[in-house]
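Some notes on the structure that comes next.
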Amino acid sequence: MYSDGCGSQLTSGGQFCTKCGKPIVPSGVASASATGLAAGQNARSTGAYEGSAGAYDARSGAAEGRVRGNIHRLATLWMISGILRLAGIGWMMVFGRMFFPQMRGWGGPVVWPFGGRWGGEMLFQGGLFSLGIILGIFGVLHLLLAWGLFERERWARMLGLVLGFLALVRFPLGTALGIYTLWVLLPESSGAEYERLARGDGQMNSAAVSS
């Protein structure tokens with residue numbers, strides 16, 4: 001054996017080095033101490049890894065359940081939006097004729113831009129006619145999206161993303177609905193989860209039809 005401090009050869013049975021005075025530690029004790037230290041470090045490393053893995057799994061689980069936990073509520077909101085848009089067209093047709101004399105000829109045999117004379121009254125009717133068409137188209141699209149989300153149709157996620165981006169400009173209710181839609185459907189994990197939901201519901205429907 002040799003001293004760790006000066007490298008001098010140690011005498012058997014001694015407790016200190018005769019040259020540097022460093023205590024002599026038996027080889028078995030030193031080996032056990034080193035093994036215990038390494039085991040403690042490995043245990044701490046394993047605990048830290050398991051803790052970080054558990055936190056990641058919790059975050060991943062929350063992200064994975066985002067679509068399943070919000071898709072029914074999201075579909076209901078889009079259904080309400082579509083109904084309100086179509087109701088707006090009905091309000092324009094019924095109450096508009098009562099309070100705006102220019103609209104009393106709307107829906108008659110001659111409607112802009114297909115004919116009639118040009119003037120302020122005709123332009124007013126044409127603007128309302130165009131607005132009604134736009135509201136009607138988006139109302140139908142909103143109802144179609146709601147139905148697609150309820151039925152877990154695969155195309156409904158893409159339609160929801162498109163309508164969600166368009167809804168951002170309709171402050172404040174449309175903006176809130178758009179943000180909520182994108183929060184639910186836009187992440188990559190949401191796309192994978194929605195695909196699994198659509199595939200699972202499709203298999204269940206096929207089994208029900210075959211039975």
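For residue 17, the amide hydrogen comes within under 5 Å of the amide hydrogens of 22, 24, counting only partners 5 or more places away or on other chains and with H modelled in the peptide plane. The portion of the accessible surface of region 137-180 made up by carbon and sulfur, rounded to a whole percent, is 78 (1.4 Å probe; DNA, RNA and ligands excluded).
For the pair residue 170 and residue 196, a Förster radius of 22 Å applied to the C-beta separation gives a FRET efficiency near 0.10, rounded to the nearest 0.05.
The values are calculated or read from the model by the stated rules, or taken from the named source; none is laboratory data. Everything numeric here is computed off the predicted structure, so don't read it as measured data. Methodologically, a virtual Cβ is constructed for each residue, glycine included, from the backbone with ideal geometry; neighbour enumeration extends over all protein chains shown. Remember, those area values only see protein heavy atoms, side chains included, never the ligands or the DNA or RNA. Shrake-Rupley method; radii C 1.70, N 1.55, O 1.52, S 1.80 Å.
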